[in-house]
Amino acid sequence: GYKFISVALYVCCCGNPNSWSSLELEKVAFSAALGLPAGLRGPIGSETTIVYKNVLTNVGNAYNPATGIFTAPFKGVYYIRFTGSVYDNKSSNMGVNLYKNGHHLMHLGENGFDGVAKHASSGVTIELVRGDQVYTRLPANYVLWDDSYFRTSFSGFFLFPM
């Protein structure tokens, strides 16, 4: 079976989420997956925000499972990871786009026309300020696949303040 481990790093914050002291301890870490029902998502004719409703970890409640959006609670450096999979598909490519505040940051893609199961994953260390939003989108005419093994996922955690 699979074992999911989420890491939370601890930092100190006081009053203003953009200034740091040793008075209050803050934690931020999230992991969420598409999950069931098993099968393909897409293709859709336009790019669509991916909503990961199967929340494995949401320490600090910065990930919103209703919208698929992670909102940075304070200024600092975060690590964001996203994974996509495809299975039993001979008509569309697998892909995921990563966005920050409406700006495209990265594309993760894999040829899916051969019907072979594939998984691809990428991550980025990124500087965010309070209120920045990070999310993934399914590119137009691409597909993703998931099941109870949570093969398509979105995760992140806080590294340190800036």
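The values are calculated or read from the model by the stated rules, or taken from the named source; none is laboratory data. Just so you know, these numbers come straight off a predicted model, no measurement behind them. No Cβ is skipped: glycine too gets one built from the backbone with ideal geometry, and neighbour counts run over all protein chains shown. We work out accessible area using only protein heavy atoms, side chains counted, and drop any ligands, DNA or RNA first. Shrake-Rupley method; radii C 1.70, N 1.55, O 1.52, S 1.80 Å.
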Query raised in the report: Has region 65-75 got at least one residue that is at pLDDT 95 or above, among the small types (Gly, Ala, Ser) and touching a Gly at 6+ places or on another chain (Cβ under 9 Å)?
Result: yes
Query - Residues of region 128-156 satisfying the condition of being at pLDDT 95 or above, open to solvent by 20 Å² or more (accessible area, probe 1.4 Å) and not in a loop (DSSP other than H, G, I, E, B) - result: GLN133, TYR135, ARG137, SER153, SER155
**Report entry** Selection within region 36-72 - within 19 Å of LEU98 (Cα to Cα) and in contact with an Asp or Glu (Cβ under 8 Å, 6 or more places away or on another chain)
**Finding:** ARG41, THR71, ALA72
